[in-house]
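Taken together, the values in this text are just the output of simple stated rules run on the coordinates, not laboratory data. Being a predicted model, the structure only gives us computed values, none of them experimental. Quick reminder, even Gly has a Cβ in these numbers, built from the backbone with ideal geometry, and neighbours come from all protein chains shown.
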Amino acid sequence: MRIYAEPDDLTVSEIDRAAIEKGITKKQLVLEAIDLYLHQDRSDLDQAIKDRDQARSDADQRWKEANQVKSELNQHKRDLEAARSREDQLRSEVEKTRSERDQASEEAAVLRRDLEHFKETLRLKDDEINFLRGHLSQLSEKITPALPPSQEEAKAKHWWRFWK
């Protein structure tokens, strides 16, 4: 019985090289390969299949874990971005508050200066009023004897005592 197969060029070159290395013909090499395939121990194949399935299961588990880590990483990135945004907002508020504080300090300094000016002005007016009161008092003392008596005083005294 004859069986025909047409291998590709790469396979033919590998068959030639293997036959030369073993020092046998291509026909003998192909017969050995068929015999090996037919009489090989199936336990090795079954073990290889189990190992492959276990490796796939492990790879799937690692893939799921990697996806979970990626989703956690993305969540942390979003949280970090939100925290940065909040930090920027708070910094902006702090700068605004500092600006308002500085403006209030300047206004307070202006108000203190105005208050001192008003106090000085009031002190000068009080001094002037005191001066005028003292001057009025002196004038009143000088003018009072020269004024004619009041009407009640004139009625109580007779006309000849009027100027006494």
Total charge of the residues flanking Glu93 in space, meaning their Cβ is under 14 Å from its Cβ, with Lys and Arg +1 and Asp and Glu -1, is +1
Using only helices, what value at 222 nm comes out for the chain when you add -39,500 (n - 2.57) per DSSP H run of length 4 or more and divide by the total residues, to the nearest 500 deg cm²/dmol? -30500 deg cm²/dmol
Helix 9-22 sits off the longest principal axis of the Cα atoms of the chain, rounded to the nearest 10 on a 0 to 90 degree scale, by 60 degrees
Taking Cα atoms, the helix 42-143 axis meets the longest principal axis of the chain at an angle in degrees (rounded to 10) of 10 degrees
For the chain, one quarter of the surface area of the C-alpha convex hull, expressed in nm², comes to 30.0 nm²
Glu128 versus Lys70: modelled label distance in nm, points set 7 Å from Cα along the beta carbon direction: 8.7 nm
Give me the distance in nm between label points sitting 7 Å out from Cα along the Cα-to-Cβ direction at Ser13 and Lys142, one decimal. 13.9 nm
Number of Lys pairs in the chain closer than 22 Å at Cα, excluding neighbours under 8 places apart unless interchain, is 4
Packing-based exposure ordering (other Cβ within 10 Å, fewest first) of Val110, Val30: Val110, Val30
Taking the 0 to 90 degree range and rounding to the nearest ten, how far is the long axis of helix 26-39 tilted relative to the main principal axis of the chain, both from C-alpha atoms? 70 degrees
On a full-extension model of 0.36 nm per residue, what is the gain between Glu152 and Glu120, subtracting their alpha-carbon distance, rounded to one decimal in nm? 6.9 nm
Can you give the longest stretch of the chain with no exposed loop site, where a site means chymotrypsin sites (Phe, Trp or Tyr not before Pro) in a DSSP loop (not H, G, I, E or B) with at most 15 other C-beta atoms within 10 Å? 5-161
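Pull out a ≥ b ≥ c, the square roots of the eigenvalues of the alpha-carbon gyration tensor of segment 1-40, then state rounded if a/c is under 1.5, prolate if not and a/b is larger than b/c, and oblate in the remaining case.
On the way: a/c = 1.71, a/b = 1.18, b/c = 1.46.
Note, shape of segment 1-40 comes out oblate.
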Under 10 Å, Cα contacts only: if you run a Gaussian network model on the chain, which one of Ser85, Ser140, Ser43 comes out with the highest mean-square fluctuation? Ser140
